[in-house]
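Throughout, read-outs are computed from the coordinates displayed, never taken from laboratory work. Treat the numbers as computed from the prediction; the structure is a model and nothing was measured. Using ideal geometry, Cβ is built from the backbone for each residue, glycine included, and neighbour counts are taken over all protein chains shown.
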Amino acid sequence: MSLKHLIFSSNTSIGKTLLSLSLSSHITKTKPLTYIKPLQCGTPWDEDLIKTYSDTTNLNLNSITIKAYDPYPCSPHLASILTGERTKEYITDDEINENILNSITSGHNIIETAGGVLSPSIAFPSAPLKGYMSYKDTNLVYTTQANLYSRLNLPSILVGDPKLGGVSTTISSLESLLSHGNRVEGIVFFGNDKSYDLVSNRETVEEYCKMIGLETKFYCFPAPPVEREGEDLWEFLGEAEVKEGLKMLIDDLGK
């Protein structure tokens, strides 16, 4: 049994890449894993970070970046427009999804999305399409990542926002995924601070899921180090609580 999951985030800089990195570091010690980054905007590449903290000595890691827009650290629709204006070349949503499906192996697979759940995907030339927005007065169209990846029919893991205001962003992201037909099998929080020592964002989101009748697993990890690299990150990955949480997530969702 293995993971074949999309990893979404309810906000930026709250742990989407950290979750991908942690899973890869844990799994590749004993088993093969394919890490797929469909859209990479700007540098450094997330794929390079994954390689740094994974076991590459026994070839257990297979990392793939499908489409990279190196000079443009911005939203995928803007990065693809800027690149297209320069090269006159575009890639379509269907091509992105086809590449993902062709890259998935029989082992563990994690597909890390870019930005948030409703962040735009790439833009490409097309006649008007239902569920797609148009870029100004051009024939370039784009949709949200929740819509784009829903066609893959793969399960999802959502990284929740533990900060103030995070209940709203996490529930909004969850509802957006569900409304586009995505299956959310797990919700992950890095850090679990309680407001006035009363209740955490995770607990509130968990109660919301009970209210709407959604059965999903919750996983809470320690807050990440301020410097998410070097010795601080190695120490985080080596914490017993992190290792136990990763094992539980893999055992639960790798079915």
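Below are the figures for this structure:
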| read-out | value |
| --- | --- |
| The chain: angle of helix 76-87 to the longest principal axis, Cα-based, in degrees nearest 10 | 40 |
| Packing-based exposure ordering (other Cβ within 10 Å, fewest first) of LYS88, LYS255 | LYS88, LYS255 |
| Sequence-distant aspartates and glutamates (8 or more away, or on other chains) whose Cα lies within less than 18 Å of LYS88 | ASP70, ASP137 |
| Value at 222 nm in deg cm²/dmol, rounded to 500, when DSSP H runs of n ≥ 4 in the chain each add -39,500 (n - 2.57) | -11500 deg cm²/dmol |
| Residues of segment 37-66 with amide N under 20 Å of a point placed 7 Å along Cα→Cβ from LYS247 | 54-55 |
| Straight-distance crosslink candidates among lysines, where the alpha carbon sits under 21 Å from LYS16 and sequence neighbours closer than 8 are dropped | LYS4, LYS29, LYS37, LYS51, LYS67, LYS163, LYS217, LYS243, LYS247 |
| Protection proxy ranking of 179-185, 101-107 - average other beta-carbon atoms within 10 Å, highest first | 179-185, 101-107 |
| Whether segment 54-194 is rounded, prolate or oblate, judged on the alpha carbon gyration tensor where a/c under 1.5 counts as rounded | oblate |
| Most mobile listed residue (GLY245, GLY186, GLY230) in the chain, GNM with C-alpha springs under 10 Å | GLY230 |
| The chain: most fluctuating residue of LEU174, LEU152, LEU21 per GNM, C-alpha cutoff 10 Å | LEU152 |
| Ratio of Rg to Rh over segment 4-253 (Cα coordinates, Kirkwood Rh, two decimals) | 0.96 |
| Euclidean distance between Cα centres, segment 30-103 to segment 109-142, Å | 16 |
| GNM result for the chain, Cα springs below 10 Å: residue of GLY238, GLY166, GLY191 fluctuating most strongly | GLY238 |
| Hull-based mean projected area of segment 194-255, where the convex hull spans the alpha carbons, in square nanometres | 5.8 |
